[in-house]
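Note sheet for the following structure.
The values are calculated or read from the model by the stated rules, or taken from the named source; none is laboratory data. Because the structure is predicted, anything quoted here is derived from the model rather than measured. FYI the Cβ positions are ideal-geometry reconstructions off the backbone, even for glycines, and counts take in every protein chain you see. All accessible areas refer to the heavy atoms of the entire protein, side chains included, with ligands and DNA or RNA removed. Shrake-Rupley method; radii C 1.70, N 1.55, O 1.52, S 1.80 Å.
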Amino acid sequence: MDCLFCKIVAGEIPSTKVYEDDYTYAFRDINLQAPVHVLVVPRQHVANVLEGAQVDGLMQHMADTVAQVVRLEGLEKNGFRVIMNTGEDAMQTVKHLHMHVLGGRKLGIEMG
Ligand code: AMP
Ligand code: ZN
């Protein structure tokens with residue numbers, strides 16, 4: 001399958017690792033929208049949160065990894081934002097489930 005994030009998970013395309021475990025991989029977004037901008041992806045290919053919700057434990061692993069990233073990046077105190085773009089209206093560009101973890105500055109109130 002020609003999937004960018006599958007290739008990143010496989011190490012075929014370089015990335016800056018923040019955290020990894022058996023189920024998930026976290027790396028820095030190539031186009032930072034905030035001082036901390038990390039993408040959390042499942043190793044298993046699922047297209048989006050709706051597909052991810054069908055796989056036992058997958059979303060729990062994603063949430064656990066978000067918590068690890070937040071701890072590693074020191075975001076607990078000031079807070080952070082988690083975004084999952086899904087489909088056309090949200091302008092999802094990579095069709096492999098990912099959570100954006102954004103922080104390190106005061107983020108705007110706009111959601112879109
Ligand atoms: P989305 O628009 O929610 O699908 O987000 C896809 C994200 O992937 C964007 O924020 C891109 O900047 C990011 N991205 C695209 N290619 C790479 C790459 N090679 N390494 C890291 N992040 C990437
Ligand atoms: Zn994939």
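For residue 39, the requirement of being under 17 Å from residue 81 (Cα atoms) and within 15 Å of ligand 2 (Cβ to nearest atom) is met.
For the stretch 46-63, the criterion of being closer than 21 Å to residue 104 by Cα and more than 16 Å from ligand 2 (Cβ to nearest atom) is satisfied by at least one residue.
Restricting attention to the stretch 37-54, the residues that are more than 12 Å from the chain's Cα centre (by Cα) and not polar (S, T, N, Q) add up to 7. Candidates in the stretch 82-109 are the residues that are in contact (Cβ under 8 Å) with a residue 40 or more places away in the chain and open to solvent by 60 Å² or more (accessible area, probe 1.4 Å); of these, the one that is farthest from ligand 2 (Cβ to nearest atom) is 105.
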